[in-house]
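Here is the structure we will look at, set down as structure tokens.
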Amino acid sequence: MNDSSPVPTAVVLDVWCELQCSDCRGALDDIRALRDRYGDRLDVRLRHFPLEKHKHAFAAAQAAEEAAEQGRAWPYVEAVLGRVEELDRAGEPFLVEVARELGLDAEEFDTALIDGRHILIVDADQAEGKAIGVTGTPTYVIGGERLDGGKSQAGLRERIEEITDRLLAGGA
């Protein structure tokens, strides 16, 4: 059969996340496993959805964008999520300290949090999330399907793998 439709080189997985969310911390193992399994064939994109109940979530989202600008988005996200309780207690100074620990330009992090240079990106992510029905974190969007991990992660990695495999094979 001659199918002229191109097979995608990478499938996009949007992960609507909040860096002060313990459920998002719990999702890290699944995200790591997916990245390990698919490598460059799965583009895992962090999307910000700071929740009002967490007072440092918006600043953490901005800090993650600064980490991305400095080329270390996922290591930074994993480091912050791995220490949610410290973020709860210490707030923005903790975000700068994590940057320093990872060898990033901590002064630039501090400046970015003060001048708000990444606010528009965080706001845009949050607005898009609300528009597509995201209400909590983590929420995944892949192949046009939204999967809510805020209630339970059970079975979500397998579902994401099914969709990814289908999309990589060129199926609709």
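The values are calculated or read from the model by the stated rules, or taken from the named source; none is laboratory data. If you're wondering where the values come from, they're calculated on a predicted model, not measured in any experiment. Positions of Cβ are generated from backbone atoms using ideal geometry, with glycine treated the same way; all protein chains shown enter the neighbour counts. Just the protein is used for accessible areas: all its heavy atoms, side chains included, with ligands, DNA and RNA removed. Shrake-Rupley method; radii C 1.70, N 1.55, O 1.52, S 1.80 Å.
Of the residues in segment 149-162, how many are within 19 Å of residue 35 (Cα to Cα) and open to solvent by less than 60 Å² (accessible area, probe 1.4 Å)?
Taking segment 149-162 as the starting set, the residues that turn out to be within 19 Å of residue 35 (Cα to Cα) are 149, 153-162.
From the residues that got through so far, the ones that are open to solvent by less than 60 Å² (accessible area, probe 1.4 Å) too are 149, 153, 155-156, 160-161.
Residues meeting the conditions: 6.
Inspect all residues belonging to segment 51-73 and state whether any of them is small (Gly, Ala, Ser) and open to solvent by 40 Å² or more (accessible area, probe 1.4 Å).
Scanning segment 51-73, I find at least one residue that is small (Gly, Ala, Ser) and open to solvent by 40 Å² or more (accessible area, probe 1.4 Å), so the answer is yes.
For segment 128-153, give me each residue that is free of Cβ contacts under 8 Å to residues at least 24 places away in the same chain, out of contact with any strand residue (DSSP E or B) (no Cβ under 6 Å at 6 or more places or on another chain) and either of a type in the set (Ser, Thr, Tyr) or under 17 Å from residue 22 (Cβ atoms) (or both).
Those that are free of Cβ contacts under 8 Å to residues at least 24 places away in the same chain, out of contact with any strand residue (DSSP E or B) (no Cβ under 6 Å at 6 or more places or on another chain) and either of a type in the set (Ser, Thr, Tyr) or under 17 Å from residue 22 (Cβ atoms) (or both): 135, 151, 152.
Against the condition surrounded by fewer than 20 Cβ atoms within 10 Å (Cβ to Cβ), in contact with a Phe, Trp or Tyr (Cβ under 7 Å, 6 or more places away or on another chain) and not acidic (Asp, Glu), how does residue 102 come out, does it pass?
yes
Working carefully through the options 165, 125, find the one that is free of Cβ contacts under 8 Å to residues at least 60 places away in the same chain, open to solvent by less than 70 Å² (accessible area, probe 1.4 Å), outside any loop (DSSP other than H, G, I, E, B) and of a type in the set (Asp, Glu).
The unique qualifying residue is 165.
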